[in-house]
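Participant: Next up is a structure, given as structure tokens.
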Amino acid sequence: MTLRIGAEEEFHVLDVESGRLVPRGRAVLDRLHTPGFTTEFQQSVVESNSAVHDTLDALLADLARSRRLLDAAASSLGLVVVAAGTVPLARPSPRNVSAGRRYRHMADEYRRVADEQLMCSAQVHVDVPDRDTGVRAMCLVSPWLPPLLALSASSPFWLGTDTGYASWRTMLWQRWPTAGPAGCYSGSAAYDAALEELIRSGVISDEGMAYYDVRPSAHQRTLEMRICDACPRVETVVLVAGLFRALVQHAVERLAHRDGPACAGRHEWLRGATWRAARSGLEGPLVDPVTRCPEPARVVLLGMLARLRPALETSGDWGTVHELLERALADGGAAHRLRRVAGKEGLHAVVRTLAAETRGATGSRAVTPAGPARPPRPSPVVGGTGS
């Protein structure tokens with residue numbers, strides 16, 4: 001059985017001349033007359049929700065179409081949308097939170113953490129048979145999420161400086177009280193009880209603030225992966241989606257056949273593995289989920305690919321994922337590519353590169369209006385992030 005898949009992408013809204021982050025997401029959305037787009041916590045971010053798909057090719061076409069629609073809407077306003085964990089030129093401000101009682105409460109309660117929520121992620125939803133299976137599957141997929149973060153890492157710059165990290169977004173994100181590894185639960189009842197306890201304590205206000213790296217959806221029968229940076233190249237999102245679907249497929253099959261323990265063991269090491277992936281991206285070592293020793297990123301990811309080959313073949317994704325992974329490893333991570341541009345041409349050139357890659361013009365530097373957008377796609381089934 002092939003599990004269906006969907007994705008959510010978040011985009012920064014920038015002024016096309018200055019390259020700076022601007023709180024004009026609502027203006028961009030007002031130019032769109034199709035479902036599937038929404039605001040986010042910060043007014044400088046817009047979100048796109050895909051429809052649900054059986055194949056990676058269909059997901060790729062959907063995400064590319066959404067990017068074209070957003071680019072056309074933004075360019076008509078002298079703006080540009082960019083998919084990246086963070087952008088180089090931004091300024092935190094408590095005044096730029098989107099309207100709404102929930103967002104206002106978050107801004108007042110979390111203060112600087114909320115002010116600096118100037119980041120974007122890519123999330124992937126994969127079908128699960130039921131919520132109980134989804135919760136138990138989290139234990140099996142969690143050790144393999146840091147390598148997916150390394151693939152997506154696209155945020156080396158923050159407030160005009162190079163942080164030294166491939167994903168500085170991860171370091172910012174982990175300041176939220178529920179961000180990071182999800183932990184292990186015997187089933188949905190135990191998970192829901194823990195969540196209710198967190199809400200009752202006042203640490204978070206609702207289920208949508210469970211910002212774990214992976215979580216069961218509150219509204220759909222899916223498992224949602226949330227660890228990744230937004231990706232300049234849409235192909236990276238599809239690669240990550242294909243690998244995550246295979247992880248979930250593998251976990252669901254193991255649980256159905258009781259093939260081994262429901263959980264592989266302690267997860268205390270996972271926060272460190274996530275830090276390592278955020279620091280190194282594809283250009284340094286990762287923590288191997290099997291040995292828990294440092295290995296080159298290429299070794300870890302190719303080992304992951306081999307491990308997941310049966311699940312990838314079941315879903316028909318093997319050829320696509322194999323090709324996309326080899327290409328990603330050959331090209332290097334987004335953070336590495338952006339640093340090369342910054343070293344040669346400066347941060348404004350980084351912004352132009354991000355805009356070009358988001359649009360699909362890989363290798364191009366110019367920020368120019370996009371071509372005509374296609375007609376609206378079917379209504380999305382993937383839900384909002386809750387952030």
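Participant: Could you grab me the full set of residues in the range 74-93 that are open to solvent by less than 10 Å² (accessible area, probe 1.4 Å) and either of a type in the set (Val, Ile, Thr) or over 21 Å from the mean Cα position of the chain (by Cα) (or both)?
Facilitator: Those that are open to solvent by less than 10 Å² (accessible area, probe 1.4 Å) and either of a type in the set (Val, Ile, Thr) or over 21 Å from the mean Cα position of the chain (by Cα) (or both): 74, 79, 80, 81, 82, 86, 87.
Participant: A further question follows. Among the numbered conditions (1) in a helix (DSSP H, G or I); (2) crowded, with 17+ Cβ neighbours inside 10 Å; (3) more than 17 Å from the chain's Cα centre (by Cα), tell me where residue 102 comes up short.
Facilitator: Going through the list (1) in a helix (DSSP H, G or I); (2) crowded, with 17+ Cβ neighbours inside 10 Å; (3) more than 17 Å from the chain's Cα centre (by Cα), residue 102 breaks only (2).
Participant: Out of the residues in the range 1-50 that are open to solvent by less than 10 Å² (accessible area, probe 1.4 Å), outside any strand (DSSP E or B) and of a type in the set (A, V, I, L, M, F, W, C), which is modelled with the highest pLDDT?
Facilitator: Result: 28.
Participant: Checking residue 96 against (1) within 29 Å of residue 359 (Cβ to Cβ); (2) open to solvent by 10 Å² or more (accessible area, probe 1.4 Å); (3) in contact with a helix residue (DSSP H, G or I) (Cβ under 8 Å, 6 or more places away or on another chain), which test does it fail?
Facilitator: Of the numbered conditions (1) within 29 Å of residue 359 (Cβ to Cβ); (2) open to solvent by 10 Å² or more (accessible area, probe 1.4 Å); (3) in contact with a helix residue (DSSP H, G or I) (Cβ under 8 Å, 6 or more places away or on another chain), the odd one out for residue 96 is (3).
Participant: Looking at 342, 297, 355 in this structure, which one is modelled with pLDDT of 95 or more, open to solvent by less than 50 Å² (accessible area, probe 1.4 Å), farther than 22 Å from residue 227 by Cα and touching a helix residue (DSSP H, G or I) at 6+ places or on another chain (Cβ under 7 Å)?
Facilitator: The unique qualifying residue is 342.
Participant: Could you grab me the full set of residues in the range 206-232 that are under 12 Å from the mean Cα position of the chain (by Cα) and charged (D, E, K, R)?
Facilitator: The answer is 213, 224, 226, 229.
Participant: Go through the residues of the range 67-85 one by one and say whether even a single one is more than 22 Å from residue 215 (Cβ to Cβ), without any contact (Cβ under 8 Å) to a residue 24 or more places away in the chain, outside any loop (DSSP other than H, G, I, E, B) and among the aliphatic types (A, V, I, L, M).
Facilitator: no
Participant: State the number of residues belonging to the range 144-181 that are small (Gly, Ala, Ser) and either surrounded by fewer than 24 Cβ atoms within 10 Å (Cβ to Cβ) or more than 18 Å from the chain's Cα centre (by Cα) (or both).
Facilitator: Qualifying residue count for the region: 4.
The values are calculated or read from the model by the stated rules, or taken from the named source; none is laboratory data. All values derive from a computational prediction rather than experimental measurement. Here Cβ is always computed from backbone atoms with ideal geometry, including for glycine, and neighbour counts include all displayed protein chains. To get the accessible areas, we keep the full protein, side chains included, count just its heavy atoms, and leave off ligands, DNA and RNA. Shrake-Rupley method; radii C 1.70, N 1.55, O 1.52, S 1.80 Å.
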